[in-house]
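Below is one structure, written out as structure tokens; the observations come after it.
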Amino acid sequence: MPEAPSGGMPDVPGAVTPRAPGWSTPTPGTPEAGEVREMFDRVSGVYDLLNSVMSAGLHHRWRARAVDMAQVGPGSRVLDVATGTGDLALELARRVTPGGEVVGSDFSEKMLVRARLKARTRSLTASVRAEALLAASPGGLSNGAHAAPGVEPRFEWGDALELPYADDSFDAATVGFGVRNFADLHRGLAELTRVVRPGGRVVVLEFTTPTRAPLSLFYGLWFDRIVPLLGRLSADPDAYAYLPESVKRFPAPAALAGELERAGLVEIRYLLTGGGIVTIHSGTVPPVGAR
Ligand SMILES: C[S@@+](CC[C@H](N)C(=O)[O-])C[C@H]1O[C@@H](n2cnc3c(N)ncnc32)[C@H](O)[C@@H]1O
């Protein structure tokens, strides 16, 4: 399992496309990677609670739509980049059961600790439930019920701008509310594309700014006033002042679609949901030779 490197990246088995020197250009306006990591380390303890409050619980539905767009199923191998506390990875794990594999990767160790704890707790709860089902049905389970264990995501340290995985390692890759924080958006999208096999999907779930009234008016009030206020409950009020700023400077959906294309993806589609508060983009990795 890759671990936070003390110097240099962990060894990666398999081929990794060599990068030309200086191929990364920081995205203007984004904070430096170290600052972002420290910010997420600090908010890790309240992240899930504030997520649910700030999205009025809708974030689970948005994640489910994103997983639909990844077009994965039982047996698929999927990477969730900037996985944070692992909610998107857990939804993916449900869909790739049985026989699949989900890797959740992030560069904030404190977020990863939360993700691992959540995944373990869910697995244990599911095992206890399965045992209870079996005990209650000594003659075997009927009606399609099964007690097979679900896929548990593996959570590993990884920098999205230099993913520690070989080319074409996954059937799909997702990123939820993460690309906005990448110090270099183009490089992050190119890395997602690199690690997915030809024909596989890359899916990006991200906040966007609604442009139509009345939601745009309510949204301005919510993001500029209420979110920073709620953020004061967290260990890091600055992080929740950063959230609306980062959404405002992030490319609009059509521009982000152009970025996916620039990263080498084809068949790019996007879906505005939550009245335009959230957009889900997907792109397909083209066949070998067409990249
Ligand atoms: C807003 S959280 C989103 C977490 C999760 N995907 C979700 O849907 O709730 C952003 C996450 O991106 C991670 N992140 C930002 N830049 C990163 C990078 N370059 N490499 C790895 N993780 C990164 C942060 O550590 C943080 O956990």
Proportion of all alpha-carbon pairs of segment 102-257 beyond 27 Å (%): 46
Cut-off under 5 Å, modelled amide H: who pairs with residue 102 long-range: 78, 154
Exposure proxy ranking, count of Cβ atoms within 10 Å, fewest first, for 265, 256: 256, 265
Residue-span extension gain [residue 252 to residue 56] - 0.36 nm each, minus C-alpha spacing: 68.3 nm
By average C-beta atoms within 10 angstrom, highest first, the peptides 88-94, 51-57: 88-94, 51-57
Length-normalised contact order of the chain in % [C-alpha pairs under 8 Å, at least 6 apart]: 21
Estimated FRET transfer efficiency when R0 is 25 angstrom, pair residue 162-residue 288 (beta carbons, to 0.05): 0.65
Ellipsoid semi-axes in whole angstrom, largest first, where each is sqrt(5λ) of the Cα gyration tensor of the chain: 30, 25, 20
Amide H contacts under 5 Å for residue 208, placed H, 5+ residues apart: 278, 279
Two-site label geometry, residue 213 and residue 225: point separation in nm, points 7 Å out along Cα→Cβ: 1.6
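None of the figures in this text is laboratory data; all of them are computed from the coordinates on show. Since the model is a prediction, treat every value here as computed from it, not as a measurement. Cβ: placed from backbone, ideal geometry, glycine included. Neighbour counts: every protein chain shown.
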